[in-house]
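Notes follow the structure.
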Amino acid sequence: MRHHASAPPPFDPSLAARFPPPAAAPQGTWPVIRTLLPYLLAYRLRIAVALSAMLLAKVANVGVPVVLKEIVDGLANPAGAVMALPVALIAGYGLMRLSSTLLTELREVVFARVTQGAVRDISLKVFQHLHNLSMRFHLERQTGGLTRDIERGSRGVGTLVNFTLYSMVPTVVEVLLVTGWLAYFYPPVFALITLVALVSYVVFTIMITEWRTHFRREMNELDSRANARAIDSLINYETVKYFNNESFEAARYDRSLLRWQEAAIRSQNSLSILNVGQSLIIAVAVTLMIWQAVAGVQAGTMTIGDLVLVNAFLIQLYIPLNFLGVLYREIKQSVVDMERLFALLAQNREVADRPGATDLQVNAGAVTFESVEFAYDSRRPIFRGLSISMPAGQTTAVVGSSGAGKSTLSRLLYRFYDPGAGVIRIDGQPIESVTQASLRRAIGIVPQDTVLFNDTLAYNIQYGRPDAGPEEILEAARAAHLGGLLDKLPDGLETLVGERGLKLSGGEKQRVAIARALLKRPAIMVFDEATSSLDSESERVIQQEIREVSQGRTTLVIAHRLSTIVDADQILVLEQGRLVEQGRHHELIARGGRYAELWDLQARQAQQTGQPAGEGQPEGDGQPAGDGQPR
């Protein structure tokens with residue numbers, strides 16, 4: 001068994017308590033920063049040490065030109081200089097340089113865990129939150145755009161933190177130190193030029209950056225759309241090939257890329273305007289400062305060392321001040337990227353555990369629906385006061401025409417949705433009063449369309465219970481009659497199943513689903529039209545496995561092929577969200593009601609198509625195609 005098949009590390013449940021989701025999606029710089037702060041303050045001690053190292057590094061950095069000035073003045077007036085003085089100053093100069101570098105590196109070493117820890121905490125929080133959101137949310141989202149939002153937002157967190165505390169704050173500290181030194185030791189005009197240039201630079205940068213921010217938002221939106229379309233097309237690769245629509249998909253993708261390209265060009269052009277304006281302000285300030293310094297030397301009020309000091313200060317300020325515009329732009333762009341990430345955290349959970357919810361205690365596994373009403377869309381109700389009972393340890397089959405609500409039963413039982421009225425109970429406990437985790441631990445499901453992870457057979461079976469050992473996985477595989485398949489595969493359980501399990505046949509995938517459900521050891525089993533997409537031979541084999549699995553368990557079988565449920569302990573017939581008939585197969589046939597009509601209809605269809613009796617068309621819940629609702 002390969003290492004990846006081992007149980008994953010336990011998730012830290014305190015994450016949700018430490019970082020509650022925002023009440024609303026933050027919009028703008030300060031709301032986003034306020035949302036980010038709790039994740040950073042979790043590392044407050046490291047932040048304090050890093051900021052202290054940064055402040056000392058900047059003090060050492062500003063001290064370098066001061067020591068250089070003393071060296072130059074000492075050389076310009078050698079008569080009064082002692083030989084040891086330049087040596088001490090040179091040593092001090094080197095020490096200042098080294099201290100600045102060492103303290104800067106210390107800051108980055110200490111702060112690295114803050115940045116990466118915050119990114120990890122936020123990414124994990126969003127990932128967990130997305131899994132806790134309702135099925136309705138995921139049906140309405142495009143996976144490609146969602147993953148791009150998470151990717152950009154996580155990257156934006158690192159960018160914002162790094163540029164703010166690695167660059168923005170040190171730059172501001174250095175500007176204040178240099179301005180204070182100039183104001184104290186030199187004529188006020190030097191500090192005045194520095195302050196005017198700084199204010200002009202900041203105001204210009206903010207104005208132009210705010211103007212061009214909407215270009216970044218537009219780029220993000222178009223980028224997400226293009227990526228979503230590309231992912232959607234690749235996921236549906238077979239459908240594209242079936243209809244020979246490669247050119248159509250490429251053209252559609254290109255239209256999205258073209259709109260993104262135009263937005264990117266506008267963003268780049270506005271960036272050029274910003275860069276030219278910033279360079280103009282810096283050039284004017286530098287020229288005025290050197291002019292004043294030269295005039296001071298000529299007038300005898302300043303020494304050559306003073307001129308070197310002012311020039312060195314200008315060089316030191318030029319790089320961070322010029323970079324200040326880049327910093328602000330990056331911070332604003334990171335904020336835009338993070339807005340969408342935090343907007344995901346602000347999404348409310350449609351189905352949530354109630355305060356004080358307890359774990360489900362399963363004794364026998366009896367299930368009841370009491371006067372349940374439900375609708376995906378309020379204009380089109382599915383259930384209208386449905387009341388049904390599934391006795392413990394028995395197999396209950398549910399049949400009905402399209403739109404009757406058969407598959408909706410399993411979704412409500414799993415609490416993917418909550419009913420609008422009524423209550424669902426397991427062993428007398430309302431499922432809304434218990435935790436979702438304990439509820440779903442008690443239920444195993446074999447869906448109509450089994451989607452597998454692009455990993456090994458072992459991994460996909462073990463997914464039913466991640467802490468299961470190799471022997472348990474093999475036992476579950478044999479119980480699901482996968483032994484013959486494993487004997488044929490050179491790599492056995494380590495065989496890769498491909499994207500969505502496409503390397504396996506429909507019957508093989510269903511057996512994997514059964515093995516996965518068996519490994520879970522559930523008290524309640526649900527088979528949601530588990531044989532509807534299989535050929536007759538595979539159906540008979542899977543049906544026999546379902547009978548074996550159902551022994552001693554409360555089992556719900558949602559079926560459209562009536563031949564598969566003739567031996568069920570009870571059969572429920574749904575029509576338009578209501579229970580219209582109930583009984584065993586022979587009782588319902590003798591009654592001559594709706595079940596008998598469905599049986600006769602499928603028998604006639606089987607005769608016309610040459611299929612075994614009871615086979616017909618797949619049935620769903622009758623929701624219109626493209627309405628975004630589950631079937």
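Given the condition farther than 22 Å from Lys520 by Cα and open to solvent by 40 Å² or more (accessible area, probe 1.4 Å), answer yes or no: does some residue in the stretch 403-416 qualify?
no
Look through the stretch 293-306, keep the residues that are assigned to a helix (DSSP H, G or I) and surrounded by 18 or more Cβ atoms within 10 Å (Cβ to Cβ), and return whichever of them is farthest from the chain's Cα centre (by Cα).
As a first pass, look at the stretch 293-306 and keep what is assigned to a helix (DSSP H, G or I): 293-299, 304-306.
Subsequent filtering for residues that are surrounded by 18 or more Cβ atoms within 10 Å (Cβ to Cβ) retains 293, 296, 305-306.
Details: Ala293: 56, Gly296: 61, Gly305: 57, Asp306: 56 Å.
Residue satisfying both the conditions and the ranking: Gly296.
Could you grab me the full set of residues in the stretch 506-516 that are polar (S, T, N, Q) and open to solvent by 30 Å² or more (accessible area, probe 1.4 Å)?
Hits for the stretch 506-516: nothing passes.
Which ones in the stretch 211-237 are over 19 Å from the mean Cα position of the chain (by Cα) and free of Cβ contacts under 8 Å to residues at least 40 places away in the same chain?
His214, Ser233, Leu234, Asn236, Tyr237
Which residues, taken from the stretch 235-272, are farther than 20 Å from Glu221 by Cα and either part of a loop (DSSP other than H, G, I, E, B) or not aromatic (Phe, Trp, Tyr) (or both)?
Passing the criteria: Ile235, Asn236, Glu238, Thr239, Val240, Lys241, Phe243, Asn244, Asn245, Glu246, Ser247, Ser272.
When the stretch 330-351 is examined, which residues are found to be closer than 30 Å to Ile426 by Cβ and open to solvent by 40 Å² or more (accessible area, probe 1.4 Å)?
Passing the criteria: Gln347, Asn348, Arg349, Glu350.
Provide a single number: the residues in the stretch 429-441 that are of a type outside the set (Ser, Thr, Tyr), open to solvent by 10 Å² or more (accessible area, probe 1.4 Å) and in contact with a strand residue (DSSP E or B) (Cβ under 8 Å, 6 or more places away or on another chain). Even if it seems obvious, please write down each step before you answer.
Step one: of the stretch 429-441, the residues of a type outside the set (Ser, Thr, Tyr) are 429-432, 434, 436-437, 439-441.
Next, from what is left, pick out any that are open to solvent by 10 Å² or more (accessible area, probe 1.4 Å): 429-430, 432, 436-437, 440-441.
Next, only the ones that are in contact with a strand residue (DSSP E or B) (Cβ under 8 Å, 6 or more places away or on another chain) stay: 430, 432.
Total meeting the criteria: 2.
Tell me which residues, restricted to the stretch 538-578, are part of a helix (DSSP H, G or I) and under 39 Å from the mean Cα position of the chain (by Cα).
Ser538, Glu539, Ile542, Gln543, Glu545, Ile546, Val549, Ser550
Output the residue which, of all residues in the stretch 249-283 that are hydroxyl-bearing (Ser, Thr, Tyr) and surrounded by 13 or more Cβ atoms within 10 Å (Cβ to Cβ), is modelled with the highest pLDDT.
Among them, the one singled out is Tyr253.
Could you tell me whether Gly420 is touching a helix residue (DSSP H, G or I) at 6+ places or on another chain (Cβ under 9 Å) and either over 23 Å from Phe527 (Cβ atoms) or buried (at least 21 other Cβ atoms within 10 Å of the Cβ) (or both)?
So Gly420 does not fit the description; no.
Right, Val196: assigned to a helix (DSSP H, G or I), under 23 Å from Gln316 (Cα atoms) and either among the β-branched types (Val, Ile, Thr) or modelled with pLDDT of 85 or more (or both) or not?
Answer is yes for this residue.
I'd like to verify a number: residues in the stretch 517-564 that are open to solvent by less than 40 Å² (accessible area, probe 1.4 Å), under 14 Å from Val446 (Cβ atoms) and either modelled with pLDDT of 85 or more or not small (Gly, Ala, Ser) (or both), how many?
The qualifying residues number 23.
Quick one: in the stretch 1-19, of everything that is open to solvent by 70 Å² or more (accessible area, probe 1.4 Å), in a loop (DSSP other than H, G, I, E, B) and touching a Pro at 6+ places or on another chain (Cβ under 8 Å), which residue is modelled with the lowest pLDDT?
Selected residue: Met1.
Whether any residue in the stretch 289-298 is touching a helix residue (DSSP H, G or I) at 6+ places or on another chain (Cβ under 7 Å) and either free of Cβ contacts under 8 Å to residues at least 12 places away in the same chain or closer than 27 Å to Val32 by Cβ (or both) is what I want to check.
Among the residues of the stretch 289-298, at least one is touching a helix residue (DSSP H, G or I) at 6+ places or on another chain (Cβ under 7 Å) and either free of Cβ contacts under 8 Å to residues at least 12 places away in the same chain or closer than 27 Å to Val32 by Cβ (or both), which makes the answer yes.
Part of a helix (DSSP H, G or I) and out of contact with any Ser or Thr (no Cβ under 9 Å at 6 or more places or on another chain): is that true of Val178 in this structure?
Criteria not met by Val178.
Taking interchain pairs and intrachain pairs at least six residues apart, which have beta carbon atoms under 7 angstrom, with the first residue in the stretch 100-115 and crowded, with 19+ Cβ neighbours inside 10 Å and the second of a type outside the set (A, V, I, L, M, F, W, C) and modelled with pLDDT of 85 or more?
Val110/Arg46; Phe111/Arg46; Val114/Arg46
Could you tell me whether any residue of the stretch 193-201 is of a type in the set (S, T, N, Q) and buried (at least 20 other Cβ atoms within 10 Å of the Cβ)?
yes
Might you check whether a residue that is closer than 24 Å to Lys332 by Cβ, surrounded by fewer than 18 Cβ atoms within 10 Å (Cβ to Cβ) and modelled with pLDDT under 85 occurs anywhere in the stretch 128-135?
No: zero hits.
Assigned to a loop (DSSP other than H, G, I, E, B), modelled with pLDDT under 90 and loosely packed, with under 12 Cβ neighbours inside 10 Å: which single residue out of Gly626, Gly620 fits that description?
Residue meeting the stated conditions: Gly626.
Could you list, ordered by first residue, the pairs with Cβ atoms under 9 Å in which the first is in the stretch 410-423 and more than 19 Å from Arg349 (Cβ to Cβ) and the second is assigned to a loop (DSSP other than H, G, I, E, B), at least 6 apart or interchain?
Correct list of pairs: Ser410/Phe416; Ser410/Pro447.
Quick one: which residue in Val446, Val451 is out of contact with any Leu (no Cβ under 9 Å at 6 or more places or on another chain) and touching a residue at least 60 places away in the same chain (Cβ under 8 Å)? Outline the logic, then answer.
Numbers: Val451 fails: touching a residue at least 60 places away in the same chain (Cβ under 8 Å).
Testing whether each residue is out of contact with any Leu (no Cβ under 9 Å at 6 or more places or on another chain) and touching a residue at least 60 places away in the same chain (Cβ under 8 Å) leaves just Val446.
Is it the case that the stretch 456-466 has a residue that's over 20 Å from Gly444 (Cβ atoms), modelled with pLDDT of 85 or more and crowded, with 19+ Cβ neighbours inside 10 Å?
Scanning the stretch 456-466 turns up at least one residue that is over 20 Å from Gly444 (Cβ atoms), modelled with pLDDT of 85 or more and crowded, with 19+ Cβ neighbours inside 10 Å.
Out of the residues in the stretch 32-61 meeting the condition of being open to solvent by less than 60 Å² (accessible area, probe 1.4 Å), of a type in the set (A, V, I, L, M) and over 35 Å from the mean Cα position of the chain (by Cα), tell me which one is farthest from Glu105 (Cα to Cα).
Ala60
Six or more apart or on different chains, Cβ under 7 Å: which pairs go from a residue in the stretch 588-608 that's more than 18 Å from Leu574 (Cβ to Cβ) to one that's modelled with pLDDT under 90 and surrounded by fewer than 17 Cβ atoms within 10 Å (Cβ to Cβ)? Could you list them?
These pairs meet every condition: Ala603/Ala613; Ala606/Pro612; Ala606/Ala613.
Return yes when Ala476 is open to solvent by less than 40 Å² (accessible area, probe 1.4 Å) and either β-branched (Val, Ile, Thr) or modelled with pLDDT under 85 (or both) and no when it is not.
no
Does Asn227 qualify as being modelled with pLDDT under 80, polar (S, T, N, Q), under 20 Å from Glu151 (Cβ atoms) and surrounded by 13 or more Cβ atoms within 10 Å (Cβ to Cβ)?
For Asn227, the condition - modelled with pLDDT under 80, polar (S, T, N, Q), under 20 Å from Glu151 (Cβ atoms) and surrounded by 13 or more Cβ atoms within 10 Å (Cβ to Cβ) - is not met.
The values are calculated or read from the model by the stated rules, or taken from the named source; none is laboratory data. This is a predicted model, so every value here is computed, not measured. Using ideal geometry, Cβ is built from the backbone for each residue, glycine included, and neighbour counts are taken over all protein chains shown. In case anyone asks, the SASA skips ligands and DNA or RNA and just uses the protein heavy atoms, side chains included. Shrake-Rupley method; radii C 1.70, N 1.55, O 1.52, S 1.80 Å.
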